[in-house]
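Only the coordinates and a few stated rules stand behind these numbers; no lab work does. The structure presented is a predicted model; accordingly, all values stated were derived computationally and were not measured. Using ideal geometry, Cβ is built from the backbone for each residue, glycine included, and neighbour counts are taken over all protein chains shown.
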Amino acid sequence: MRYFVIVGHKAVTTGDFRLDDIAGGAGRLDILVRCVNSAFFLSHEIRRDTELFLVLQGGCDAPKTVRFAGDELRYLNPDERSTSSLIRNALLKKVDNKEIRSSPGIYVSRSSFENVIAALSERGKLIYLKEDGTDVRDCILPQDPVFVISDNTDLTEEEELFLLRHDPEKISVGPFSLHADHCMILVHNEIDRTSS
């Protein structure tokens, strides 16, 4: 399995945003939507061996985590508007202490970044995608990797310190700073090339 954790520092958690304003009114949800597409879409198929955790930290109802499970996903289309709608529908669900299903393969919970990292550290090796990391082509990626990426801002100092306590491998995908969704495609490609 491949896991991705994406932190949306300003992404709203209330679900009361307009679908034609996901870059502004939804707190840069557009970045996370592109990450969903990069995590799952092949040319004519969905990656069933992938799980994505969107950790949303904006607005008055934060934090919330929307989890996409590739082996269960239905109704996911490559356009940003329909993906935004799936996320919004999940955020509109009443969530208490446990994760609930919003639609096939999409779940929402009140999990924080710390909750998600602690849980996933039990499932696989944490990999912090960071510009100053070891080049991905100089590494052997582990089984069940858990890739941790931030949105258009770096992890906060507290988030990074918490992550570093779990001894992640720090990896870079190349010599330039890239968008989060592009990094995801590149690591998928590296795994695909070595596992096929």
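Matching residues to (1) surrounded by 15 or more Cβ atoms within 10 Å (Cβ to Cβ); (2) in contact with a strand residue (DSSP E or B) (Cβ under 6 Å, 6 or more places away or on another chain); (3) within 18 Å of residue 6 (Cα to Cα); (4) aliphatic (A, V, I, L, M):
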{"site": "113", "(1), (2), (3), (4)": "yes, yes, yes, no"}
{"site": "123", "(1), (2), (3), (4)": "no, no, yes, no"}
{"site": "146", "(1), (2), (3), (4)": "yes, yes, yes, yes"}
{"site": "179", "(1), (2), (3), (4)": "yes, no, yes, no"}
Seminar exercise, completed: Taking the stretch 1-36 and keeping residues buried (at least 19 other Cβ atoms within 10 Å of the Cβ), in contact (Cβ under 8 Å) with a residue 40 or more places away in the chain and on the phi > 0 side of the Ramachandran plot leaves 28
For this session: Working only within the stretch 37-82, note down all residues that are in contact (Cβ under 8 Å) with a residue 60 or more places away in the chain and part of a loop (DSSP other than H, G, I, E, B).
Result: 47
Exercise. What number of residues within the stretch 89-110 are surrounded by fewer than 21 Cβ atoms within 10 Å (Cβ to Cβ) and not in a strand (DSSP E or B)?
Worked result: 11
Exercise. Which pairs have Cβ atoms under 7 Å, sit 6 or more apart or on different chains, and link a residue in the stretch 150-171 that is in a loop (DSSP other than H, G, I, E, B) to one that is surrounded by fewer than 17 Cβ atoms within 10 Å (Cβ to Cβ)?
Worked result: 166/121
For this session: For the stretch 172-196, enumerate the residues that are in a loop (DSSP other than H, G, I, E, B) and touching a residue at least 60 places away in the same chain (Cβ under 8 Å).
Result: 179
Problem set entry | Number of the exception - residue 117 against (1) touching a residue at least 12 places away in the same chain (Cβ under 8 Å); (2) farther than 21 Å from residue 22 by Cα; (3) part of a helix (DSSP H, G or I); (4) over 14 Å from the mean Cα position of the chain (by Cα) | (4)
